[in-house]
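Asker: Let me begin by handing over the structure; questions about it come next.
The values are calculated or read from the model by the stated rules, or taken from the named source; none is laboratory data. This one's a predicted model, so the numbers in the text were calculated from it and none came from an experiment. So basically every Cβ, Gly included, is an ideal-geometry build from the backbone, and we count neighbours across all protein chains shown.
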Amino acid sequence: MKHLKTTALAIGAAAALGSAGAFAQQAGDWQVGAGWLHFSPQDSSQPLTFTSPVNRQVPGSGATVGDSDTLGLNLTYFVDSHWAVEGVLGIPPKFKLSGTGTLGGIGELGEARQWSPTVLAKYYFNEGQAQFRPFVGLGATYVFYRSVSLTPGLQGGISSQIGVPPALSSTSAKLDSSFAPVFNVGAAYQFDPHWGVSFSVSYIPLKTTAKLTTSVAGNTVATSEARLKINPIVPYLAVTYKV
């Protein structure tokens, strides 16, 4: 009987240890994730300013950036049970720019796709075997834009500002690229040794300058620019899988 009790206690202890370690996140672990990535700009803008042929502002002009959703992807490597390095990349979301103030009557001004690959250093609270683990993160992103286009309404408005018939001119735009810090907080929950879910919120203090070039018959007749603070809040809800 004493031998049976000893064996039962040993089996129970082994089972408990196995259960405690079932969800363990430890050095060398890799985790992939995919899910809903939302960008909510907390934006503001400077007036549209012509830089040539003369330097002047368009009084009361402004712009606002709309929200956008996309598919996010992330890959996480655990340096140990608390520290991890994570890379995040989403399908480039499309942002629409709308006029405010004296540009409000134009409505939509243009659109662009934003690329923002991000690297985060993250610290996970609680022990590695815990199912629920809050975390904080700090990192950086490199933001650049592609597929930038302007609406006919904005192009016509710019032409009227410089006294050129809209039918004879065209305006193109580029958005400056930049590095920006990323502040991140969230929590992860592990359903079993492999599958889990993660939710985080990031804040990115981000600004850019839209540089516009107006041409007639291939010759530049005017340049202008508008400075934008985008400062998005970025929630990310992902399903995760530990390899």
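Asker: Quick one: which strands (runs of 3 or more DSSP E) sit completely within segment 86-162 and have at least 3 residues that are under 25 Å from Gly66 (Cα atoms), in contact (Cβ under 8 Å) with a residue 12 or more places away in the chain and touching a Leu at 6+ places or on another chain (Cβ under 7 Å)?
Answerer: 94-101, 108-115, 132-150
Asker: Which residue, of Ala217, Ala188, Ala180, Ala210, is farther than 19 Å from Leu37 by Cβ and surrounded by 17 or more Cβ atoms within 10 Å (Cβ to Cβ)?
Answerer: Selected residue: Ala210, the only one of Ala217, Ala188, Ala180, Ala210 that is farther than 19 Å from Leu37 by Cβ and surrounded by 17 or more Cβ atoms within 10 Å (Cβ to Cβ).
Asker: Check Leu175, Leu228, Leu154 and return the single one that is within 24 Å of Val58 (Cβ to Cβ) and touching a Phe, Trp or Tyr at 6+ places or on another chain (Cβ under 7 Å).
Answerer: On inspection, the qualifying residue turns out to be Leu175.
Asker: Please determine whether any residue of segment 94-105 is touching a Phe, Trp or Tyr at 6+ places or on another chain (Cβ under 8 Å) and buried (at least 17 other Cβ atoms within 10 Å of the Cβ). Explain how you work it out, then say what you get.
Answerer: First, pick out the residues of segment 94-105 that are touching a Phe, Trp or Tyr at 6+ places or on another chain (Cβ under 8 Å): 95.
Checking which are buried (at least 17 other Cβ atoms within 10 Å of the Cβ) leaves us with 95.
Looking for residues that are touching a Phe, Trp or Tyr at 6+ places or on another chain (Cβ under 8 Å) and buried (at least 17 other Cβ atoms within 10 Å of the Cβ), one finds at least one in segment 94-105, hence yes.
Asker: Moving on. Just name the residue that is surrounded by the most Cβ atoms within 10 Å (Cβ to Cβ) out of those in segment 225-243 that are β-branched (Val, Ile, Thr) and out of contact with any Lys or Arg (no Cβ under 9 Å at 6 or more places or on another chain). Reasoning before the result, please.
Answerer: Just the residues of segment 225-243 that are β-branched (Val, Ile, Thr), to begin with: 230, 233-234, 239-240, 243.
Imposing the further condition that a residue be out of contact with any Lys or Arg (no Cβ under 9 Å at 6 or more places or on another chain) reduces the set to 233-234, 239-240, 243.
Numbers: Ile233: 14, Val234: 22, Val239: 14, Thr240: 20, Val243: 8.
Among them, the one singled out is Val234.
Asker: Would you pick out the residues in segment 107-152 that are closer than 30 Å to Val79 by Cα, of a type in the set (Ser, Thr, Tyr) and either in contact with a Lys or Arg (Cβ under 9 Å, 6 or more places away or on another chain) or buried (at least 17 other Cβ atoms within 10 Å of the Cβ) (or both)?
Answerer: Result: Ser116, Thr118, Tyr124, Thr141.
Rundown of residues vs (1) touching a Pro at 6+ places or on another chain (Cβ under 9 Å); (2) under 25 Å from Phe125 (Cβ atoms); (3) modelled with pLDDT of 95 or more, yes/no style:
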{"residue": "Lys5", "(1), (2), (3)": "no, no, no"}
{"residue": "Gln31", "(1), (2), (3)": "no, yes, yes"}
{"residue": "Ser40", "(1), (2), (3)": "yes, no, yes"}
{"residue": "Ser44", "(1), (2), (3)": "no, no, yes"}
{"residue": "Leu48", "(1), (2), (3)": "no, no, yes"}
{"residue": "Val79", "(1), (2), (3)": "no, yes, yes"}
{"residue": "Pro92", "(1), (2), (3)": "no, no, yes"}
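Asker: Please tell me if Ala140 is of a type in the set (A, V, I, L, M, F, W, C) and at pLDDT 95 or above.
Answerer: In short, yes.
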